[in-house]
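Shown next, in structure tokens, is the structure this report addresses.
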Amino acid sequence: MPVRRLFAQISLLALFALAAPARAQTLAPTTPTPPPLLPFVPQDGALAPGSTDAGSVSPAPGGVEDATSADLEPKPVTPTFALLPGSVEGNINDRFPSVRYSFSAANGESVRLRMEPTSGDLDPVLTLINPDGVIIARNDDEATGSRSSALAITLPAAGVYIIDASRFLSDSKSAPRSSGTFRLTLDVAGTTANTSSDPLASAPPFAVPFTLLPLQTVSQGAITADAPFIYFAVAGQAGDLLRVIMTATSGDLTPAVRVLDDHAEPVSGEPQARSGEAIAFAPLTRTSWVLIEASAASGAGSYDLFASRLAAAPLRVGEPVNGSLNEIAPSAIYLLNGRLGEEISAAAFASETEGGIQPRLTLLDVGQRPIATASGSRFATLRAELPRSGPYLLQVSSASPTDQGGYSLRLTSRPPDMDALAATPIGYNSDAVGALAAGEPFALYRFSGKAGDLVTLTLQSPDGVFNPSLILMDADLNELVSNDDSGANRDSRIAQFRLPKDGEFLIAAARSSSGFSAAEAPYRLSLTAGAVSLEPGAVTATLRWNGPSDLSLYVRGPDGRILSPSLPASPNGGALQIDSNAGCGTPSAEPVEHIFWTADAPPAGDYTVWAWNQAGCGLDSAVPFTLDFSVEGEPVLSASAAVTPGQRYEAAVRVAADGSAGIVEPGQITVPLPQQQASESGDMPLREGEPLTGTISNDRYALFFRFSGNAGENVILRAERVTGDLDPLLVLRDGADHTLPGGINDDAGPATRDAALTYTLPASGDYIVSVTRYGVRDGTTSGDFRLTLERAPGG
């Protein structure tokens, strides 16, 4: 593929006249920042999982609630987990009566901690320990009548602090001990604090102009031919149910309104339409900004727009709740927490004194995918076995959206029987082959390990018939780490995860879509222990660093192809062996990335190597790394530097035909421009039935996607406008990045600006789809788009 994937400033006439226009090789300059290379040192920060070096713990003298001998429970050695600002789920029981977390803070920073029970009868207790191992704050109940614990304190010194999350013990030794799951939230604020971890600190750079809209405030505007779409940004919390009401106030306007998340995906269902009014409801499953799009189903005129937040109520086992449905609120959302294998039962009863509803219950995962549903004329009972540990949404509605009336809702559950849980034993450095039966969501495996063991898990679908997902849990079904897609393919991989304690662990080999496929799913599961053995080769490049940041290794070989997680192999023998911390979702204890060439002799030519900090994963500071490049086992380049999020280190090595090698471009740190990031950071995988969204703007006017196909296969590609005035343009290229004859479309028809392309693939292999805009770099439209792929038999 060419060195730079940027479209030239060519006329549209030339663009359509050429059968196979080549992508321009010129590139707008990067923004170089050439600081001196830094020595490689371990990154400071929280204690690694498995560390227990918190010093001796004793009550602080004066001013702090002292711990009594009754409520400081004797504990085994407790593992310590690194914690960043945000929330984490945990579990307290007789086997593990406390959990410890560590975080780094600066002198004078203000810290807020809150531990909220989410299931069971847990009565939490929070304890904060300073870097010297001394208790400096402790709390049982944040307020009268509340079991939650909370602490707020200004830290007196910089260092690593320990949070001890435990439970209250009464003075009576015979009193029962509480247990259950909890949510721990850490907020850090101060003049030196990293405030970027707050997802609501500022609105993201949406691709369309927008106005900030405070909740409970009426905004007025007009829909016209010149302004057919008006956008508003709203900040929302996980668990909120956002209600947006758009009312016509003049003209012949028939309002239309919807809510989009920060990835331009709709999060509201079909709006309810009444005379001169449209109402949209959007359940928010994560804390983020959302975009409200106000438009017209027909006509034009002025409007009033009003947004309000209906907080989703927590639903706890054995605690009945009452509610009502009406035309303004035709559904209600409840949050519940559960564990993998837990059998829940939710029963809704229609009130006989307030009209009448026909209750319908729907259980959804946090991605709003349905897990189970039930309905009835006067009552409905939903039963389901939870496919993984974590939060879920339970929606109450009526069979008819016009029904009105009250209801009573009650949740019961049967915890998984840990002794009867069917888990197949698997040992270190072994494989297991199996198949999920039709409708079966997961298969469990069990292994024993020790604190500090490095384990790597891989789950593959040999024939590609399903999308595998991996979950690693402790013996109490608490999730430790998970992974869905490890790169361009659908295989799942958890690389070099350090076990936090001694004992047994569970692996769930699962379907990524929570198990609703009716097809049988063969799989291969691998479990290895110890550091990953890096593959040797004629040419090798290895990137190492510490911490959770998502650094990525890229190598552009002599053939012009850029090896990356989205393109892990090249025809001349290059391959990416391991990708760590991908997408910030599956952290590795010892992150490493490795690219190698298997050829007997190294392919001659120039190799450009990048160490790219593509995501800080909650950290804004520079991340130290080491980068090694070898030819025939001999080191050619060995660099140590540090890059902040968005920066990349780049160098170039030349390999001669006789195998000799040398550095042709010494390392420097640059900040790639937005279009460079889109062009050089790898093509996103495009799959049938899985729409992708993207944003086209003046800074980033072309995005690239990749799919595989067979000779003679018909594919249908569609690029549809989602927001803004975008006029999308589709280009289809072969795997070598050459535009295919007739592989360009601007408008699918005279009545639409959306692009569509139906094409018969000439050969089996990889294909590249680029989405840009009419006018390419000189275009004037911008906004979000949705890209879809359909396949049909050839002909």
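Show me 680-691, 604-615, 658-669 ranked by packing, highest mean number of other Cβ atoms within 10 Å first.
604-615, 680-691, 658-669
Taking the Cα atoms of the range 400-452, report the difference between the largest and smallest coordinate on each principal axis, in whole Å and largest first.
Extents along the principal axes, in whole Å: 59, 28, 24.
Hey, with R₀ at 41 Å, roughly what FRET efficiency would Ser764 and Ala604 work out to, going by the Cβ-Cβ distance, to 0.05?
On the way: r = 29 Å, r/R0 = 0.70.
It comes to 0.90.
Could you calculate the contour length gain from Ser377 to Gln668, that is, 0.36 nm times the residue separation minus the distance between their Cα atoms, to one decimal place in nm?
Value of the extension gain: 97.8 nm.
Taking 35 Å as R0, compute the FRET efficiency from the Cβ-Cβ separation of Arg446 and Ser621 and round it to 0.05.
0.35
Pull out a ≥ b ≥ c, the square roots of the eigenvalues of the alpha-carbon gyration tensor of the range 82-188, then state rounded if a/c is under 1.5, prolate if not and a/b is larger than b/c, and oblate in the remaining case.
Note, shape of the range 82-188 comes out prolate.
In debye to the nearest 20, how big a dipole does the range 714-772 give about its Cα centre with +1 on each Lys and Arg Cβ and -1 on each Asp and Glu Cβ? Kindly include the intermediate steps, with their values, before the conclusion.
Details: 4 positive and 9 negative charges, 22 e Å.
With Lys and Arg at +1 and Asp and Glu at -1, about 100 debye.
Once Lys and Arg get +1 and Asp and Glu get -1 on their Cβ, which of Ile716, Leu692, Pro750 lies farthest toward the positive end of the dipole of the range 641-765?
Leu692
For the ranges 741-753, 552-564, what's the packing order if you count other beta-carbon atoms within 10 Å of each residue, average per peptide, and put the highest first?
Put in order of decreasing packing, that is 552-564, 741-753.
What spacing in nm lies between the two simple spin-label points modelled at Ser275 and Ile716, each 7 Å away from Cα in the Cβ direction?
About 4.0 nm separates the two model spin labels.
Once you charge only the Cβ atoms, +1 for Lys and Arg and -1 for Asp and Glu, what is the size of the charge dipole of the range 378-437 about its Cα centre, to the nearest 20 debye?
Working: 5 positive and 5 negative charges, 63 e Å.
Around 300 debye, computed over the range 378-437.
Work through the residues other than His594 whose Cβ is under 15 Å from its Cβ and net out their charges, Lys, Arg +1 and Asp, Glu -1.
-3
Which residues does the label zone of Arg410 cover in the range 315-332, counting backbone N under 15 Å from a point 7 Å along Cα→Cβ?
Flagged as within label range: 316-323.
For Ala222, put the label point 7 Å out on the Cα→Cβ axis and report which residues of the range 285-308 keep their amide N under 17 Å from it.
Correct set: 295-296, 299-305.
How much FRET efficiency would the formula 1/(1 + (r/R0)^6) give for Ala201 and Asp431, where r is the Cβ-Cβ distance and R0 is 35 Å, rounded to 0.05? Write down the numbers at each step before the final one.
Values: r = 46 Å, r/R0 = 1.31.
About 0.15, to the nearest 0.05.
Every read-out reported here was derived from the displayed coordinates using simple, explicitly stated rules and does not represent laboratory data. Remember, it's a predicted structure, so these values are computed and weren't measured experimentally. Note that we place each Cβ from the backbone using ideal geometry, even for glycine, and neighbour counts take in every protein chain shown.
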